[in-house]
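Structure, as structure tokens:
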Number of protein chains: 2
Amino acid sequence: MGSVEISKERVLLVLHQPLSPEIESGIREKLADSELTIYETELGVPVPPEIYRKATVLVTFAHLPEIQDSQNLKLIHTLSAGLDHLTHNPILKEGRIPISTSSGIHGPPIAEWTIMNWLVSSRNYDRQYEGQKARAWPDKTPYMVGNHDQAGKKVGILGYGSIGRQIARVSQALGMSVYAYTASPRKTPESKRDTGYIVPGTGDADGSIPVSWHHGTDKGSIRSFLAQGLDHLVISLPLTPQTTKVLGAKEFALLSASSTSQTIKPFITNISRGKVVDQDALIEALESGQLSGAALDVTDPEPLPADHPLWDAPNVQISPHVSGLGREYLPRSLDILKLNIQRLANGEPLINAYGGKGY
Amino acid sequence: MGSVEISKERVLLVLHQPLSPEIESGIREKLADSELTIYETELGVPVPPEIYRKATVLVTFAHLPEIQDSQNLKLIHTLSAGLDHLTHNPILKEGRIPISTSSGIHGPPIAEWTIMNWLVSSRNYDRQYEGQKARAWPDKTPYMVGNHDQAGKKVGILGYGSIGRQIARVSQALGMSVYAYTASPRKTPESKRDTGYIVPGTGDADGSIPVSWHHGTDKGSIRSFLAQGLDHLVISLPLTPQTTKVLGAKEFALLSASSTSQTIKPFITNISRGKVVDQDALIEALESGQLSGAALDVTDPEPLPADHPLWDAPNVQISPHVSGLGREYLPRSLDILKLNIQRLANGEPLINAYGGKGY
């Protein structure tokens, strides 16, 4: 749409894994307006300075040049959602080069992982899978009395960012009602908005989906949130000293006691970090039946040792921290880059600008 | 809301399976305004005439009284979506008693079954399940290169009734675009509407979700529909002479050839009847890679014999005709009954009236 002439950027893409031919050709097509160099290396093995010096745009997970090799860089785009792993790097401290992140691209995959795990639990998929392996056409009674729908259920989402919003969007479509929880109050329409990158056709840009919003950083606020009769609790909080083990025995008991259903107790989904949950308390709540199940993409520690009791907890579904992965990861991140190359040329603010340095 | 005084109806509920105490107490609560008799029998074992004669409202799957025992009946509500199995019954031929069906209640469970099977396939759930059984924390590469999202995909829905509409609703929330196919043209806003019962918070009441509508009953129309670059095809057609084996080798080849993705070929979901598909052709299309997978809740025949080659087809997910089952089945059907008891008292048209006799 813009009429501004864009000079051909020299984009350096630093990766840790080989690309499939399909993904690579998709990327080359997407960035056809730029001169693209794909450089494969390993974490901890630096990129040669002369490679950095040629680039005007750097796309990277964790590799950054020395200051003296960054003189041509106009933009750094990180392939991760945050930059916690790089905050002490001189490039970030200097703050000369605008930086954008890939925040927002995890909404669809992690929401799909979440919904998949809910439905696998509520619709008895493991029975279907084992029945198929046995080539059996079994009695239908366990499905009739065991299966239940998400329609009509209540989901509480702790942390209403891009991932929580896409979970909310699908939940609403399933016929559920959504309760949002954020650290800071979101009283105004402006504060409810998602101002980061949103994958087209997904999310909750204006924050209109939740039936109610709640906030706080103390245990009391979270406990009030848990006492609303939720059927699902989704943990999508960042890990901070305040959120470490923020969900423990008391919280699970409260959640369970306020459940509106007498027979289907609340289901926990953790897509944040294992340490946000008191894992021993979680195991106990599953064993006692306070919780009907849990889907965990994250554990403490990771990898979870083979002899860890969490594997034995009833109705737990564990995946090895993969909910955000998939072949769309890199192409979507480069969609943000492409928008930002255009914005930089137009002198507009960057999408997903890091630390207010994007202008 | 109505101010009309309702006389206490004597509701007879004929069932083939014992109720769980939880479901039964929910039902008794729901129908607290009526005098409820629950009568358990088996298919083919008649209900005694004196039981029928007392009832003013009959709720049944397949049991109907003789005409002479139906004199007090003001309403018959069937627990099935259709009445094909009862069309020759004298009660239906006589047409005196208003009849309503449970059409519409299958939207949430069958849509949830569908979305579950899509996500299980696209997000590699079987690997997660087997990994958990083995207590393994495996290499993430298969997830990164194998997983893909539904966001951005195109789904074609053959048969846009209550089930197709709820699949459409969730698909849209996932970021997909929806193509609807119906037998008759739906050119006007009125004709696009779903006029039957809709589970609250679900469906597509006004037919606003599809990006385009298509129609026809001939192979040519269906083939045009299949040539639109669909990633998913959902079969939700009634089985008729015209729809028998309506999807065969040519249709699968066409669907595959027009696929927009070069690497993820179309995925088939059949929630209709096994005979709508040429099953041998389906097996071949899966074996040749024309289709990336199939989720089948229905097969031909049922039960599918243990030595049937469909079990061996690559990337097939088979369940034993259970997608509509679950503990919400009966309570939801009785929601329709409750609305209709009120409507009957108010002299209003019934919801889900059978054969225009509901007025």
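The values are calculated or read from the model by the stated rules, or taken from the named source; none is laboratory data. Note that this is a predicted model, so its numbers are computed, not measured. Glycine also receives a Cβ, built like all others from the backbone with ideal geometry; neighbour counts cover every protein chain displayed.
Across segment A:60-78, not a single residue is classified as more than 14 Å from every other protein chain (Cβ to nearest Cβ) and within 20 Å of residue A:169 (Cβ to Cβ).
For residue A:314, the stated conditions do not hold, so it cannot be described as away from chain B (no Cβ under 14 Å) and either in a loop (DSSP other than H, G, I, E, B) or surrounded by 23 or more Cβ atoms within 10 Å (Cβ to Cβ) (or both). Can you tell me which of B:110, B:97 is part of a loop (DSSP other than H, G, I, E, B) and among the aliphatic types (A, V, I, L, M)? Among B:110, B:97, only B:97 is part of a loop (DSSP other than H, G, I, E, B) and among the aliphatic types (A, V, I, L, M). Picking from residues in segment A:317-347 that are hydroxyl-bearing (Ser, Thr, Tyr) and touching a helix residue (DSSP H, G or I) at 6+ places or on another chain (Cβ under 6 Å), the one that is farthest from the other protein chains (Cβ to nearest Cβ) is A:323.
Looking at segment A:297-307, can you tell me whether even one residue there is farther than 19 Å from residue A:118 by Cα and of a type in the set (Gly, Ala, Ser)? Within segment A:297-307, one or more residues are farther than 19 Å from residue A:118 by Cα and of a type in the set (Gly, Ala, Ser).
Restricting attention to segment B:152-175 and to residues that are free of Cβ contacts under 8 Å to residues at least 40 places away in the same chain and surrounded by fewer than 23 Cβ atoms within 10 Å (Cβ to Cβ), the residue that is farthest from the chain's Cα centre (by Cα) turns out to be B:152. Checking each residue in segment B:234-257 for being touching a Leu at 6+ places or on another chain (Cβ under 6 Å), touching a residue at least 40 places away in the same chain (Cβ under 8 Å) and not in a loop (DSSP other than H, G, I, E, B) picks out only B:235. Pairs linking a residue in segment A:215-233 that is on the phi > 0 side of the Ramachandran plot to a residue that is surrounded by 15 or more Cβ atoms within 10 Å (Cβ to Cβ), with Cβ atoms under 9 Å and 6 or more positions apart or on different chains, are A:216/A:181; A:216/A:182; A:216/A:183; A:216/A:222; A:216/A:225; A:229/A:154; A:229/A:259; A:229/A:261. Could you say whether any residue in segment B:139-151 is charged (D, E, K, R) and surrounded by fewer than 20 Cβ atoms within 10 Å (Cβ to Cβ)? For segment B:139-151, residues charged (D, E, K, R) and surrounded by fewer than 20 Cβ atoms within 10 Å (Cβ to Cβ): present.
When residue B:285 is tested against (1) assigned to a loop (DSSP other than H, G, I, E, B); (2) within 30 Å of residue A:137 (Cβ to Cβ); (3) in contact (Cβ under 8 Å) with a residue 12 or more places away in the chain, just one condition goes unmet, and that condition is (1). Based on this model, can you work out whether residue A:222 counts as within 20 Å of the chain's Cα centre (by Cα) and of a type in the set (A, V, I, L, M, F, W, C)? Here the answer is no, as residue A:222 does not meet what is asked. Could we say that residue A:20 is of a type in the set (S, T, N, Q), over 30 Å from residue B:146 (Cβ atoms) and modelled with pLDDT under 95 here? The answer is no for residue A:20. For segment B:225-233, does any single residue satisfy the condition of being charged (D, E, K, R) and either modelled with pLDDT under 95 or out of contact with any strand residue (DSSP E or B) (no Cβ under 6 Å at 6 or more places or on another chain) (or both)? No; the residues of segment B:225-233 include none that is charged (D, E, K, R) and either modelled with pLDDT under 95 or out of contact with any strand residue (DSSP E or B) (no Cβ under 6 Å at 6 or more places or on another chain) (or both). Looking at residue A:51, is it aliphatic (A, V, I, L, M) and more than 18 Å from residue A:36 (Cα to Cα)? Considered against the rule, which asks whether it is aliphatic (A, V, I, L, M) and more than 18 Å from residue A:36 (Cα to Cα), residue A:51 comes out as no.
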